[in-house]
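Shown next, in structure tokens, is the structure this report addresses.
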Amino acid sequence: MITGDKVLQFDYRGAPQTIEVMRRAALDSQSNLAVRQLAEAACARLDSKDYTSEYLALYNLLLQTCRYMRDPRTVELVRAPYLVAQEILQGGRPSLDCDDLSAMLAAMILAVGGSVRFVTVAFRNAFFNGARQYSHVFAQALEPRTGLWIVLDPVAAEKTNDMMTRIKAAAVWPIA
């Protein structure tokens with residue numbers, strides 16, 4: 001995880017470890033002023049209590065201000081959402097992968113009082129030492145009136161429906 005100018009490195013032990021790093025990053029960043037300011041700016045023109053529109057505004061903000069870039073070849077890198085928010089607020093365009101984008105979305109959804117979870121997915125039936133290998137993660141936000149989970153995947157973006165049809169297995173990970 002990048003925190004300031006420091007990168008924390010650890011041996012990769014699979015999706016549960018990465019999800020825990022993402023979960024902590026989202027929870028730690030939800031109360032950061034830059035994350036809240038970015039979320040407020042994204043939702044500024046929306047009607048009050050239009051939760052679905054808030055989630056979609058946060059999702060669209062990331063589509064407009066970030067670009068996708070894979071992690072370094074042999075490193076699982078998770079960027080702290082508050083640093084991503086600061087970079088965007090300063091006019092930057094961060095390069096993020098699926099775990100960074102999901103953690104950032106989760107932090108902003110938490111910052112506006114929403115419920116969010118991570119979903120890891122596998123597009124192949126691959127296993128290592130008996131454990132399923134997941135290759136992608138995205139966020140889902142709970143629409144409080146209907147109880148439905150909204151898929152928010154800036155990596156798949158307009159191809160989200162196609163991506164969902166290719167999933168062979170999925171695991172759901174609560175955040176808070």
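Here, each number is a calculation from the coordinates, and none is a lab measurement. What you see is a predicted model; the values in this text were computed from it and never measured. Cβ atoms come from the backbone with ideal geometry, glycine included; neighbour counts cover every protein chain shown.
Taking amide hydrogens as placed 1.01 Å from N in the peptide plane, the amide H of Phe123 sits under 5 Å from those of Ser135, Lys168, each at least 5 positions away in sequence or on another chain.
Working note: 222 nm ellipticity from helices only, DSSP H runs with n ≥ 4, each -39,500 (n - 2.57), summed and divided by the residues of the chain, gives -12000 deg cm²/dmol to the nearest 500.
Packing around the peptides 126-136, 143-153, taken as the average count of other Cβ atoms within 10 Å per residue, puts them in this order, highest first: 143-153, 126-136. Among beta bridges identified by DSSP and lying wholly in the chain, the antiparallel ones come to about 90 percent. For the chain, the dipole from Cβ point charges (+1 on Lys and Arg, -1 on Asp and Glu) about the Cα centre works out to 360 debye, to the nearest 20. Highest mean first, the peptides 67-73, 100-106, 20-26 sorted by other C-beta atoms within 10 Å per residue fall in the order 100-106, 20-26, 67-73. Per residue, how big is the convex hull around the C-alpha atoms of the chain? Give it to me in cubic angstrom, could you? Output value, Cα hull per residue: 118 Å³.
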